[in-house]
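Presented below is the structure to which this report refers.
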Amino acid sequence: VQLQASGGGLVQPGESLRFSCAASGIIFSVNTMGWYRQAPGKQRELVAAITSGGSTNYADSVKGRSTISRDNVKNTVYLQMNSLKPEDTAVYFCNVATYGVTYWGKGTQVTVSS
């Protein structure tokens, strides 16, 4: 399984970013796709996740200003983040978890700075 993520960049506080992550390879239909992030000196943390059935879970820090969605036909997960803050600065990773196995994509850098 390979994951190809895109959507990072340098933005100013208050702006938005949309991430996408396409999974390829043998992927079981029952899975959870998600986004994590890791800031310098901190542990990797969940940003948002969505099951193949559409159930979602968000970190408190992004709840209300982020939306995760997926296209099961394209095996692609999206993350829309609005009202970005400097504390959102991190490397963002997508993953897919299925039947006890987790696959990770390469990270994409997000820097929120004026």
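Out of S83, S69, I need the residue that is open to solvent by 30 Å² or more (accessible area, probe 1.4 Å), closer than 13 Å to R18 by Cβ and touching a residue at least 12 places away in the same chain (Cβ under 8 Å). Which one? Steps first, please.
Working: S83 fails: closer than 13 Å to R18 by Cβ.
Going through S83, S69 in turn, the sole match is S69.
Give me the pairs, please: first residue somewhere in the stretch 36-63 and touching a residue at least 40 places away in the same chain (Cβ under 8 Å), second residue anywhere and aliphatic (A, V, I, L, M) and assigned to a loop (DSSP other than H, G, I, E, B), beta-carbon distance under 6 Å, and either six or more positions apart or on two chains.
Matching pairs, first to second residue: V47/A59; V47/V62.
So, restricting to strands (runs of 3 or more DSSP E) that lie completely within the stretch 17-73, which ones have at least 3 residues that are more than 21 Å from L84 (Cβ to Cβ)?
Details: elements: 17-24, 32-38, 45-51, 56-58, 66-71.
Result: 17-24.
Just wondering, is there one or more residues in the stretch 90-106 that are out of contact with any Gly (no Cβ under 9 Å at 6 or more places or on another chain), open to solvent by 20 Å² or more (accessible area, probe 1.4 Å), within 14 Å of A5 (Cβ to Cβ) and among the basic types (K, R)? Show your work before the answer.
Within the stretch 90-106, the first condition is being out of contact with any Gly (no Cβ under 9 Å at 6 or more places or on another chain), and the residues that meet it are 98-102, 104-106.
From what's left, open to solvent by 20 Å² or more (accessible area, probe 1.4 Å): 99-102, 104, 106.
Adding the requirement that they be within 14 Å of A5 (Cβ to Cβ) leaves 104, 106.
Narrowing the set further to residues that are among the basic types (K, R) leaves 106.
There is at least one residue in the stretch 90-106 that is out of contact with any Gly (no Cβ under 9 Å at 6 or more places or on another chain), open to solvent by 20 Å² or more (accessible area, probe 1.4 Å), within 14 Å of A5 (Cβ to Cβ) and among the basic types (K, R).
In the stretch 56-65, is there at least one residue being of a type in the set (A, V, I, L, M, F, W, C) and under 11 Å from the mean Cα position of the chain (by Cα)?
From the stretch 56-65, those of a type in the set (A, V, I, L, M, F, W, C) are 59, 62; that's our starting set.
Those left that are additionally under 11 Å from the mean Cα position of the chain (by Cα): none.
Checked against the condition, which is being of a type in the set (A, V, I, L, M, F, W, C) and under 11 Å from the mean Cα position of the chain (by Cα), the stretch 56-65 yields no hits at all.
The values are calculated or read from the model by the stated rules, or taken from the named source; none is laboratory data. Keep in mind the model is a prediction, meaning the values are calculated, not measured. Don't worry about glycine lacking a Cβ; one is built from the backbone with ideal geometry, like all the others, and counts go over all protein chains shown. Heavy atoms of the whole protein, side chains included, go into the accessibility calculation; ligands, DNA and RNA do not. Shrake-Rupley method; radii C 1.70, N 1.55, O 1.52, S 1.80 Å.
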